[in-house]
1. Test His99 against the stated conditions and say whether it is within 16 Å of ligand 1 (Cβ to nearest atom) and out of contact with any strand residue (DSSP E or B) (no Cβ under 7 Å at 6 or more places or on another chain).
2. With respect to Phe116, determine if the residue is at pLDDT 95 or above, assigned by TED's automatic domain parsing to the domain that holds Asn200, among the aromatic types (Phe, Trp, Tyr) and surrounded by fewer than 14 Cβ atoms within 10 Å (Cβ to Cβ).
3. When residues of segment 1-47 are filtered for being in a strand (DSSP E or B) and either touching a helix residue (DSSP H, G or I) at 6+ places or on another chain (Cβ under 8 Å) or closer than 17 Å to Met173 by Cα (or both), how many remain?
4. Looking only at segment 33-62, count how many residues are within 16 Å of ligand 2 (Cβ to nearest atom) and surrounded by fewer than 20 Cβ atoms within 10 Å (Cβ to Cβ).
5. Return the residue satisfying two criteria in turn: it lies in segment 229-241 and is within 8 Å of the chain's Cα centre (by Cα) and touching a residue at least 60 places away in the same chain (Cβ under 8 Å), and of such residues it is farthest from ligand 2 (Cβ to nearest atom).
6. Filter segment 55-96 down to the residues that are under 23 Å from Asn10 (Cα atoms), among the hydrophobic types (A, V, I, L, M, F, W, C) and in a helix (DSSP H, G or I), then identify the one that is farthest from ligand 1 (Cβ to nearest atom).
7. Based on what the data block shows, is Arg244 closer than 27 Å to Ile75 by Cα, within 15 Å of ligand 2 (Cβ to nearest atom) and outside any helix (DSSP H, G or I)?
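The values are calculated or read from the model by the stated rules, or taken from the named source; none is laboratory data. All of these numbers come straight from a predicted model, not from anything done at the bench. Positions of Cβ are backbone-derived with ideal geometry, glycine not excepted, and every protein chain shown enters the neighbour counts.
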Amino acid sequence: MKKPPIIWTNVLFFSLTFLAAITLVPWYGFSYGYTSTQWIAFVGCMFYAGLSITAGYHRLWAHKAYDVHPVIEVIFALGGAFALQNSALHWSSDHRIHHGQVDDPIKDPYAATNGFWYSHIGWMLRDYQGEQYGNYSNCRDLQKNKVVMWQHRHYMKLVVATNFGIPLLLGLMLGDVWGMLLLVGLLRLVLSQHFTFFINSLAHIWGSRPYTEKNTARDNGFLALFTYGEGYHNFHHIFASDYRNGIKWYHYDPTKWMIRSLAAIGLASKLKRTPIERIEKAKAETLMNKTQGRLAKLPLAQDKLTLLQSEYDLLLKKLQHFCALQKRVLEIKRNKMMKQCEKSALMTQYHELEAAWENQKQAWLALNARLLKASFS
Ligand SMILES: [Zn+2]
Ligand SMILES: [Zn+2]
């Protein structure tokens, strides 16, 4: 099949900025040096551009995982132009197709099934979208959003204003305009672009798949460090409308922490969370399918398969009981309508069910580990 034409402006832009970043930035550093203030400005601007994409473009606009005050929307829209990843409308449209058609080599705009290079940057170097480029029919909601449409209409002007204006302003305020243009302008732009591109490439290749194996998306805590928390991509692909990607408190997800902080001061609301029951069920089902798949290859595995099924059923029952009571406890806490004695009886039952569920989960994990190990030996 004939390949679509090359988009030379993109090829030249990505190669020239990359080459300039790996040559001019170190050359200037060795010749004149960078100050710690410049490095702080660089890190601050990395986070500003990065979080505008993850919290703004991705979780707010593409997935509608929460609502935010219009002032914050404007800040995200400017940060998105600073990150130079197309307008929020275009980005969200591509991203919604990515989720709907994930891994389809033709329909998914950055399908990981086409290889690392294609999903990282190759998809932008040729006119793969053809006449579909600019079709935003999957973003009718965003077409009604004044901030999104304002950014879309004035996108190129905003790109120039932020990418030259911010480093220039910082340079004039803090000293050394050239150093600031190179660090905050050039290096920040190239790095923040590639860090986001890693979510399309590496986060679909490298890591584990605890929630679903139906697509290539992976969970990778290391990648989360460079992607403002988006490394938990396996979770994200199955529960895309959750405002979190890293769901445990210790998962590095600064995007989630920022959204939660905005909510705490009244600037964000309607934060969507996936119920724990659905998350745990997805995990159990994925592990079950994996173990079943392995056992199916072994002779005389029927007993083990039956045991696995019965433990799975028991696990789901315990999970259901625990979650039902958890829901009741939350309702009661909200209404505060209960006598002290009733409350303590309820809490005792709650802790019992919680422990029963935890025990069953440990037994379930141990059983799967044992069966998987046996299937290898
Ligand atoms: Zn993805
Ligand atoms: Zn997404």
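1. Criteria met by His99.
2. no
3. 0
4. To start, the set of residues in segment 33-62 that are within 16 Å of ligand 2 (Cβ to nearest atom) comprises 50-62.
From what is left, the residues that are surrounded by fewer than 20 Cβ atoms within 10 Å (Cβ to Cβ) are none.
Total meeting the criteria: 0.
5. Filtering first and then ranking leaves Gly229.
6. Leu78
7. yes
Yes or no, residue by residue, for (1) assigned by TED's automatic domain parsing to the domain that holds Gly50; (2) within 16 Å of ligand 2 (Cβ to nearest atom); (3) surrounded by 24 or more Cβ atoms within 10 Å (Cβ to Cβ); (4) within 18 Å of Tyr48 (Cβ to Cβ):
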site: Arg188; (1), (2), (3), (4): yes, no, yes, yes
site: Phe198; (1), (2), (3), (4): yes, yes, no, no
site: His204; (1), (2), (3), (4): yes, yes, yes, no
site: Asn215; (1), (2), (3), (4): yes, yes, no, no
